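Down below is the structure, laid out as C-alpha cells.
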Amino acid sequence: MGPTFVDVLRERAAAPGPAFEYVDGSGSVFLGHPELDARARSIGASLTAHGLSGHRILVLLPRDLDYVAALFGCWYAGAVAVPRPDRDLAAVLEDADPAAAIVPPDTVLPGVATLSIEELAAAPDDWRRPDLGPDSLALLHYAGEHAVMVSHGNLVAGTRQTGRCFGAGPDAGVVSRLAEHRDLLTGVLHPILAGSRATLLSPRAGAADWLRAISDRRARVSGGSERDFAQAAVTGGLDEVDLSTWDVAFTDGSTSTMDAFTDRFARNGFRRSSFFSCYWLPEATALVAGRRGPVVRSFDADTLAPGRLARPRAEGTPVLDRGRPADELEVVIVDPLTATRCPDGTAGEIWVAGPNVAAGYLGRPGASERTFCARLRGSTDNFLRTGDVGFVHDGGLHVTDALAAA
C-alpha cells in the first residue's frame with residue numbers, strides 16, 4: 001500500500017473492470033480504476049500547468065464522478081483539495097482563501113479564479129508525480145466552525161482502519177450517498193483501498209433509492225446518519241427490496257432508530273446484528289471506534305459523570321457500546337482537571353491519539369493547541385481532546401455526554 005492515495009490509485013489502475021458506478025435519475029455511469037487514474041492525471045497535469053501545485057483548490061462540483069476525479073486531480077497536482085462544503089460558501093472562501101475553484105461550465109465565483117472541469121483536459125501522459133508524502137496536506141474538511149487539516153497519511157490510516165473494522169474485501173459491494181465527509185472515506189477511498197466495487201448516489205437520493213440500490217446490487221456495506229435510517233424506517237413502497245446481503249450497516253444513530261429500522265425491514269432480510277455502531281470524529285478523519293451488532297447496557301445515572309465509576313444497574317440509564325478503538329489508535333479516558341488517566345471503568349473525557357488524527361485547524365493556532373495537543377501529566381505525547389465524556393466497559397467505548405454539559 002502506498003503512502004498516499006495518489007500511490008494507492010496508481011496501484012489499483014492495473015485492475016480491470018468498473019470501480020465506480022454513479023446512479024441518478026438519468027441512469028448509470030461507470031468508471032474503472034484505470035479511467036479514474038487517467039482522469040486524475042489529466043486534471044493534475046492541468047492544475048500544475050496553471051501553477052496551482054501546493055495551493056488550496058475549492059472543488060465546487062456536484063457530488064458525482066467528476067467530483068471524485070477532481071479531488072484526486074488536486075492530489076495528483078500536489079494541491080490541497082477543499083471539498084464542496086455544507087455551510088456558508090462566503091465564509092469558507094474567506095477562511096480557506098483558495099487560489100482557484102473547480103466549477104461546472106459557465107460558473108462564475110466572484111473574487112476567485114475559476115476553472116471549468118471541462119478545461120482540465122491535459123494529456124494524462126503529461127503528468128508527473130508531485131513531491132508528496134504522508135505528512136503533506138491533502139484536504140480541508142469544514143466541521144463546525146473550523147477547517148480540519150487532513151494529511152495524506154491521515155486519509156490512508158483512517159481508511160485502512162475503517163476497512164479493518166468493516167472486514168470488507170474485494171467481494172464487498174459498497175453503496176454510498178456522497179453527502180458528508182465520512183462518505184468520501186467509506187464510499188470512495190475505502191473501496192479503492194479494498195479493491196471493491198462501489199455504487200455512488202447523489203446526496204439528494206431518497207431512502208427508497210438508497211435501499212433499492214443496496215438490494216439491486218446485493219451490496220454488503222452501506223451506512224448513514226440517524227436521520228437516514230429514521231427516514232427509511234417510515235418510507236413506504238419497499239416491500240420488494242432484499243436486504244439479506246447487507247452485512248455492515250454503519251451508523252452513529254441511536255438504538256431506538258436501529259430498532260425501528262429493524263422492525264420495518266426484518267421481513268426484507270435485514271438483520272439487527274448487521275448494524276455497525278460507530279463513534280466518528282472529523283478531527284480523527286473518520287472512525288474512532290465501532291462494533292457490529294449494537295449492544296446497550298444500563299448504568300446508574302449518578303455514576304456517569306466525570307470522575308465517577310460507572311456502575312451497571314438493571315433499571316438504569318441505557319448507554320450504547322460503541323465498540324473497541326480502531327487499530328493503531330490509542331483511546332484514553334482522562335480527568336480533564338488533572339490531565340491524568342481515570343481508573344478503569346471511570347468516566348472522563350475521551351482523548352485519542354493515532355495516525356488518523358488530523359494536524360489541526362487551519363489558521364487557528366490557539367484552538368489547534370487546545371484540541372490537538374493535549375498531554376497527560378508527565379508525558380510529551382499529543383492527544384486529541386474530543387470534548388466528549390465516556391468510559392470503557394468490557395473493552396467497549398461508551399459515550400455518554402459532551403464535557404460542557406456534564
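Restricting attention to segment 306-333, report how many residues are closer than 22 Å to A286 by Cα, open to solvent by 50 Å² or more (accessible area, probe 1.4 Å) and assigned to a strand (DSSP E or B).
3
Filter segment 124-171 down to residues that are open to solvent by 50 Å² or more (accessible area, probe 1.4 Å) and hydrophobic (A, V, I, L, M, F, W, C), then give me how many there are.
Of the residues in that region, 1 qualify.
Tally up the residues in segment 282-297 that are under 20 Å from D388 (Cβ atoms) and either among the basic types (K, R) or open to solvent by 20 Å² or more (accessible area, probe 1.4 Å) (or both), please.
Selection size over segment 282-297: 6.
Report, by residue number, each residue of segment 123-152 that is part of a loop (DSSP other than H, G, I, E, B) and hydrophobic (A, V, I, L, M, F, W, C).
Passing the criteria: A123, W127, L132.
Scanning segment 86-113 for residues that are of a type in the set (V, I, T) and closer than 23 Å to A179 by Cα, which turns out most open to solvent (accessible area, probe 1.4 Å)?
T107
Can you tell me which of (1) under 22 Å from E349 (Cβ atoms); (2) within 21 Å of the chain's Cα centre (by Cα); (3) in a loop (DSSP other than H, G, I, E, B) is the one W246 doesn't meet?
Result: W246 passes all but (1).
Between a residue in segment 50-63 that is under 16 Å from R204 (Cα atoms) and any residue that is assigned to a loop (DSSP other than H, G, I, E, B) and open to solvent by less than 60 Å² (accessible area, probe 1.4 Å), which pairs come within a Cβ distance under 6 Å, given they are 6 or more apart or on different chains?
Qualifying pairs under 6 Å: R63/L178; R63/P203.
Just the residues that are open to solvent by 30 Å² or more (accessible area, probe 1.4 Å) and under 22 Å from the mean Cα position of the chain (by Cα), please, taken from segment 374-385.
Within segment 374-385, R385 is the sole residue that qualifies.
Hey, T262 hits all of (1) open to solvent by less than 10 Å² (accessible area, probe 1.4 Å); (2) closer than 18 Å to V296 by Cα; (3) part of a helix (DSSP H, G or I) but one; which does it fall short on?
So T262 meets the others, but not (1).
Might you check whether a residue that is aliphatic (A, V, I, L, M), out of contact with any helix residue (DSSP H, G or I) (no Cβ under 7 Å at 6 or more places or on another chain), open to solvent by 20 Å² or more (accessible area, probe 1.4 Å) and not in a strand (DSSP E or B) occurs anywhere in segment 11-31?
Yes, segment 11-31 has at least one match.
Could you please find all residues in segment 334-352 being under 25 Å from the mean Cα position of the chain (by Cα) and open to solvent by 20 Å² or more (accessible area, probe 1.4 Å)?
none
Within segment 357-372, which residues are at pLDDT 95 or above and surrounded by 16 or more Cβ atoms within 10 Å (Cβ to Cβ)?
Result: V357, A358, G360, Y361, L362, R364, S368, T371, F372.
Restricting to segment 133-179, count the residues that are in contact with a helix residue (DSSP H, G or I) (Cβ under 9 Å, 6 or more places away or on another chain) and more than 24 Å from D66 (Cα to Cα).
12
The values are calculated or read from the model by the stated rules, or taken from the named source; none is laboratory data. All figures in this text were calculated on a predicted structure; none of them were measured in a lab. We place every Cβ from the backbone using ideal geometry, glycine too, and count neighbours over all the protein chains shown. All accessible areas refer to the heavy atoms of the entire protein, side chains included, with ligands and DNA or RNA removed. Shrake-Rupley method; radii C 1.70, N 1.55, O 1.52, S 1.80 Å.
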